[in-house]
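Report on the structure given below.
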């Protein structure tokens, strides 16, 4: 393919290398859009004048390459003419970095952030005054945002055309989705920016507070009902399964003994763990189902009240789900103990994975830890500035201190498991006594 392309390029007449089609595109535009390795470099070896020639939309070849994620084409263009790294399209004033972010080309953003050739591009603004960091916050892409914030050369407090910093934009997006989950990317971006030393622009705080319009409340209420339907179904299913499990104990029941009808494996500590976990799962699932059915999903309840109960039900559902995981694991453990060690090992490993799987706050904490290390090392305290924490209404130390937040999220992850094992331990002690 490369040899065939080379022959075509060699046979192009000199006067055709800069000819344009109906869209104003030159052969170099097409080569950049294809992204095949070596094609752009071979074309540039014949003629470099097309690098700074825009199409009818004001896009230069390097912008086309960025929009499709063609790393090889970008490198060929920049190595031939380093100045094209800072070219801005004629329509919106965007650099290749702006265009890559708008098209979610994470590979291009990663390359730009790691290469010194693009250092001058990192903080350039488009016609609306937005830097690359502004756009990363707008599209709420965690990977792109992480690469930008991890680069020390990226400025955090540039204001755009309407006077907003990236932190302002993130806060505004959060306010537009006031009923959204706290695990959303915007929540993490706000924390990352705040702990990195970003500031709000000097606006009055009352201007940031939006009125609760009735139309907005109705729209949020509808979205809330749709988003919690799956939780309602799942929590009801967990309640049904755990109710049945309470009367079909693992290992069956004793027959023909003084304790006839009691669980055959009831003397084992693992059985106590299973039983406590099953009880936890049932009652927390019932509580989650009730919260949603009675308050969270009823259109006659005020959206603000529904939001409170919806979040409460999600928390209850998480506890029920964690308890089901432990109940299943220890149910298998007590039945298969001494029979199949391989089964126990497989179930144990799967349980450990499930314990940490899907824990977005904890994952965000470790991502933030790595991000802060890349940007500052361990030479800076990561607590918030007082003005920033005041604007965010983060007054407690749990919110202002990164280490306190990490500890709190670890407690939220593990308290259910710890309580199950502790209660089972006391039940075992009482039985022995």
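Gain on full extension, evaluated as 0.36 nm per residue between residue 21 and residue 352 minus their Cα-Cα distance, stands at 113.3 nm. Here 138, 37, 105 are placed in order of increasing Cβ neighbour count within 10 Å, fewest first, which gives 37, 138, 105. Neighbour counts of C-beta atoms inside 10 Å place 125, 432 in the sequence 432, 125, starting with the fewest.
For 84, 113, what ranking results if the residue with the fewest other Cβ atoms within 10 Å of its Cβ goes first? Provide the component values of the computation, followed by the final result.
On the way: 84 18, 113 22.
With the fewest neighbours first, 84, 113 line up as 84, 113.
FRET efficiency for the pair residue 83 and residue 184, taken as 1/(1 + (r/R0)^6) with r the Cβ-Cβ distance and R0 = 35 Å, rounds to 0.35.
Each value in this text was obtained by applying a stated rule to the coordinates, not by laboratory testing. No experiment lies behind these values; they were computed from the predicted model shown. Glycine gets a Cβ as well: all are built from the backbone with ideal geometry, and neighbour counts include every protein chain shown.
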